[in-house]
Amino acid sequence: MGFIVQTFERAEDVLDALSRSFHPDLIMSDVNLAGEVHGVTLAHSLKQNSAWTGQVLLMSGLPVQELTESYGLTKDDVILSKPFTINELQRVLRFYP
């Protein structure tokens, strides 16, 4: 698909990298992550950060209602339900720079 990929174990590691020299166009994150911060909190933190100009794509195998009630997912969050196919991922990523 032509993307350069960087992986991180925890949302805290992403935030640390962003504070230094990591400037991706898109962050794709699972909702359930190791560490203190889950993916929805990461997405909302980035959207509130005026220095962040990229997009966030969340993914989860949980129902959207549970994500909304338990994690604070909002209608503005972009979520890809797992499992997904490469074609579904390509369709979603087509809208990102």
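The values are calculated or read from the model by the stated rules, or taken from the named source; none is laboratory data. Since the structure is predicted, the reported quantities are computational estimates derived from the model, not experimental observations. No Cβ is skipped: glycine too gets one built from the backbone with ideal geometry, and neighbour counts run over all protein chains shown. Ligands, DNA and RNA are stripped out before the accessible areas are found, and what is left, the full protein with its side chains, is counted by its heavy atoms. Shrake-Rupley method; radii C 1.70, N 1.55, O 1.52, S 1.80 Å.
Points worth noting:
- Protein accessible area in the chain, 1.4 Å probe - carbon and sulfur %: 51 percent
- Region 66-71 - phi-based ³J(HN,Hα) in whole Hz, Karplus 6.51/-1.76/1.60, Gly and Pro as x: 5, 4, 5, 6, 8, 10
- Relative contact order computed over the chain (Cα-Cα under 8 Å; 6+ residues apart), in percent: 26 percent
- Label-point separation, S50 to I4 (7 Å along Cα→Cβ), nm: 2.8 nm
- The calculated FRET efficiency for T41 paired with F95, based on their beta-carbon distance and R0 = 25 Å, is about 0.60.
- When you filter the trypsin sites (Lys or Arg not before Pro) in region 27-94 for DSSP loop state and at most 13 other Cβ atoms inside 10 Å of their Cβ, you are left with K75, R94.
- Projected onto their three principal axes, the Cα atoms of the chain cover extents of 35, 31, 23 Å, largest first.
- Residues whose amide H comes within less than 5 Å of that of L57, counting only those at least five positions distant or on another chain, are I27, M28, S29 (H built at 1.01 Å from N in the peptide plane).
- For the chain, share of DSSP beta bridges that run antiparallel, in % to the nearest 5: 0 percent
- Dipole size of region 29-81 about its Cα centre, with +1 on Lys/Arg Cβ and -1 on Asp/Glu Cβ: approximately 160 debye, rounded to the nearest 20.
- Quarter the surface of the alpha carbon convex hull of region 45-97 and you get the mean projected area, 4.2 square nanometres.
- The dipole here belongs to the chain: it is taken about the Cα centre, uses +1 on the Cβ of Lys and Arg and -1 on the Cβ of Asp and Glu, and is about 340 debye.
- Close amide H partners of L33, meaning residues 5 or more places away or on another chain with modelled amide H under 5 Å apart, are G39.
- Residue among F84, H38, T53 farthest towards the positive dipole end of region 1-89, charges placed on Cβ: T53
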